[in-house]
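Read the structure below first, then the notes.
The values are calculated or read from the model by the stated rules, or taken from the named source; none is laboratory data. Predicted model only: the values in this text are computed from it and were never measured. Positions of Cβ are generated from backbone atoms using ideal geometry, with glycine treated the same way; all protein chains shown enter the neighbour counts. Ligands, DNA and RNA are stripped out before the accessible areas are found, and what is left, the full protein with its side chains, is counted by its heavy atoms. Shrake-Rupley method; radii C 1.70, N 1.55, O 1.52, S 1.80 Å.
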Amino acid sequence: MKQGDMKKLLAILFLVFGVQCLTGPEQVHIAFYTSPWDISVTWITFEDADPALSYGTSTASMQNITGTTNTWKFGGIIRHSHVVILNSLKPSSQYYYQIGSRVFTFRTLSANLKSYKVCVFGDLGVYNGRSTQSIINNGIAGKFDFIVHIGDLAYDLHSDNGKLGDQYMNTLEPVISRIPYMVIAGNHENDNANFTNFKNRFVMPPTGSDDNQFYSIDIGPVHWVGLSTEYYGFEEQYGNTPTFTQYNWLTKDLEAANKNRDNVPWITLYQHRPFYCSVEEGADCTLYENVVLRHGALGIPGLEQEYIKNSVDIGFAGHMHAYERMWPVADLKYYKGEEAYHNPVAPVYILTGSAGCHSSGMKFSPIPMPWSAHRSDDYGYTVMTVANTTHILFEQISINKNGGVIDSV
Ligand SMILES: *[C@@H]1O[C@H](CO)[C@@H](O)[C@H](O)[C@H]1NC(C)=O
Ligand SMILES: *[C@@H]1O[C@H](CO)[C@@H](O)[C@H](O)[C@H]1NC(C)=O
Ligand SMILES: *[C@@H]1O[C@H](CO)[C@@H](O)[C@H](O)[C@H]1NC(C)=O
Ligand SMILES: [Fe+2]
């Protein structure tokens, strides 16, 4: 090939692929907004673009809708985060949405929602993201209705000026453009810029803070609450005002949820750092930070009393890169035995931080804490099946065992 032809070919290749890469919508994902039938659609472009999409229950009849754009700069890179809220969608319906030339689809949950399945995990990175393919495959196959990622995403969203975050979101796009992806911040979301990367990449229900740090939403028979433990973890850096703001909101939210149990009987909470664990690193969750978080200290209110007072049923956490299911436990008092899960008198905590990230090989303490019911250091994630208003099933999926269930209760 002559040099001129080569140049022409490169120019054509750039036009075909390059421009699309620079301007195309990417990192497309959806999340629940104020209800399961109000969905936020979020995506990123690197060039200025309209926050517009078209959507409908068939590709033949789509309506246009315009949202908002938030332009932000990190590490010298300008990103445009676009969000469109699709309000009051029809239940049990297949929807299609098109951004630019790209078409995606999702299905809304049923109106009289009684049962559904949720994929729950923490601590999933780009490198050593052992569970990623399984989550994508099973999510697309309809094995769960939405995903809850309890902090520590990509490792880190802000690495390489945010390019690792871009890569992570693009890898997960096939599943998170299709089923809601609910997130909270972990310690790895601290980008030393007040969680800029986390806040600008996600839209969560605006029911708690308006910056994705804490929120709640009713989904069928479950009241879900997502919290930030990072207000505690990085108090020195960002001050303790947000800790109090969250605590005051939580008190009211749980009180209201507890009064509403006739309609929404379950309360499930998720937070990045755990109250209870039996791993070696983190000294069995007896470190000062865990104790402050759980119990409070020096005027900082701990969270556990609120959970106990309002009879929270389930508490998910990550941060420790292992799986551990606890017996019902409240303020170190535990209730051992399978029958303790029947009408439990204390919250049941599940540590599920083994999805896969760069720091592998979490060691357990030689002797489990007395509230520990089951431990595993296999890579994997949890699938929670809400059966109805009285039964919930937890299954731990192991990547090491080819997606097999290694614990269920
Ligand atoms: C939606 O917007 C596109 C592109 O701007 C336009 O071609 C189309 O006619 C619009 N559709 C409706 C139903 O308004
Ligand atoms: C961090 O961001 C929040 C809004 O998301 C703001 O209210 C707060 O003042 C910021 N804190 C610092 C220390 O910049
Ligand atoms: C709730 O689900 C459990 C487990 O599938 C089942 O045994 C039970 O009969 C169900 N209860 C009601 C009221 O449907
Ligand atoms: Fe963490």
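Which of (1) open to solvent by 30 Å² or more (accessible area, probe 1.4 Å); (2) touching a residue at least 60 places away in the same chain (Cβ under 8 Å) is the odd one out, the single condition Gln271 does not satisfy?
Only one criterion in (1) open to solvent by 30 Å² or more (accessible area, probe 1.4 Å); (2) touching a residue at least 60 places away in the same chain (Cβ under 8 Å) is unmet by Gln271, namely (1).
Based on what the data block shows, is Asp191 under 21 Å from Arg107 (Cβ atoms), outside the structural domain of Ala31 (by TED's automatic domain parsing) and in contact (Cβ under 8 Å) with a residue 40 or more places away in the chain?
no
Can you work out which of the residues in region 55-72 that are closer than 17 Å to Thr42 by Cα and open to solvent by 60 Å² or more (accessible area, probe 1.4 Å) is nearest to ligand 4 (Cβ to nearest atom)?
Taking the candidates together, the pick is Asn70.
Can you pull out the residues in region 387-409 that are in a strand (DSSP E or B) and more than 22 Å from Gly129 (Cβ to Cβ)?
Correct list: Ile392, Leu393, Phe394, Ser408.
For region 223-251: of the residues being closer than 12 Å to Tyr307 by Cα and open to solvent by 10 Å² or more (accessible area, probe 1.4 Å), which is nearest to ligand 2 (Cβ to nearest atom)?
Taking the candidates together, the pick is Tyr247.
Hey, can you tell me all the residues within region 28-49 that are of a type in the set (Val, Ile, Thr) and open to solvent by less than 10 Å² (accessible area, probe 1.4 Å)?
Residues satisfying the conditions are Val28, Ile30, Ile39, Val41, Thr42, Ile44, Thr45.
Kindly provide the set of residues from region 130-166 that are buried (at least 21 other Cβ atoms within 10 Å of the Cβ), in contact with a Cys (Cβ under 8 Å, 6 or more places away or on another chain) and at negative phi, ordered by number.
The answer is Ile135, Gly139, Phe144, Phe146, Ile147, Val148.
Pull up region 75-134, narrow it to residues that are farther than 28 Å from Glu47 by Cα and among the aliphatic types (A, V, I, L, M), then point me to the one that is farthest from ligand 2 (Cβ to nearest atom).
Ala111
Output the residue which, of all residues in region 307-329 that are part of a loop (DSSP other than H, G, I, E, B) and within 16 Å of ligand 4 (Cβ to nearest atom), is farthest from Ala373 (Cα to Cα).
Top of the filtered list is His319.
If you scan region 158-177, which residues turn out to be over 17 Å from Gly233 (Cβ atoms) and over 15 Å from the mean Cα position of the chain (by Cα)?
Ser159, Asp160, Asn161, Gly162, Lys163, Leu164, Asp166, Gln167, Asn170, Thr171, Pro174
Evaluate the following for Lys163: is it more than 28 Å from Gly75 (Cβ to Cβ) and among the charged types (D, E, K, R)?
So Lys163 fails the test.
Scan region 105-113 and tell me whether some residue there is within 27 Å of Thr196 (Cα to Cα), under 22 Å from the mean Cα position of the chain (by Cα) and either assigned to a strand (DSSP E or B) or not aliphatic (A, V, I, L, M) (or both).
Within region 105-113, not a single residue is within 27 Å of Thr196 (Cα to Cα), under 22 Å from the mean Cα position of the chain (by Cα) and either assigned to a strand (DSSP E or B) or not aliphatic (A, V, I, L, M) (or both).
Name the single residue that is nearest to ligand 4 (Cβ to nearest atom) among those in region 178-211 being among the polar types (S, T, N, Q) and open to solvent by 10 Å² or more (accessible area, probe 1.4 Å).
Looking at residues that are among the polar types (S, T, N, Q) and open to solvent by 10 Å² or more (accessible area, probe 1.4 Å), I get Asn187.
Okay, residues lined up against (1) of a type in the set (A, V, I, L, M, F, W, C); (2) out of contact with any Cys (no Cβ under 6 Å at 6 or more places or on another chain); (3) modelled with pLDDT of 95 or more; (4) within 14 Å of ligand 1 (Cβ to nearest atom):
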| site | (1), (2), (3), (4) |
| --- | --- |
| Asp38 | no, yes, yes, no |
| Asn64 | no, yes, yes, yes |
| Ser88 | no, yes, yes, no |
| Ile99 | yes, yes, yes, yes |
| Tyr116 | no, yes, yes, no |
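Of the residues that make up region 327-344, is at least one more than 16 Å from ligand 3 (Cβ to nearest atom), buried (at least 18 other Cβ atoms within 10 Å of the Cβ) and within 21 Å of the chain's Cα centre (by Cα)?
Checking region 327-344: not a single residue is more than 16 Å from ligand 3 (Cβ to nearest atom), buried (at least 18 other Cβ atoms within 10 Å of the Cβ) and within 21 Å of the chain's Cα centre (by Cα).
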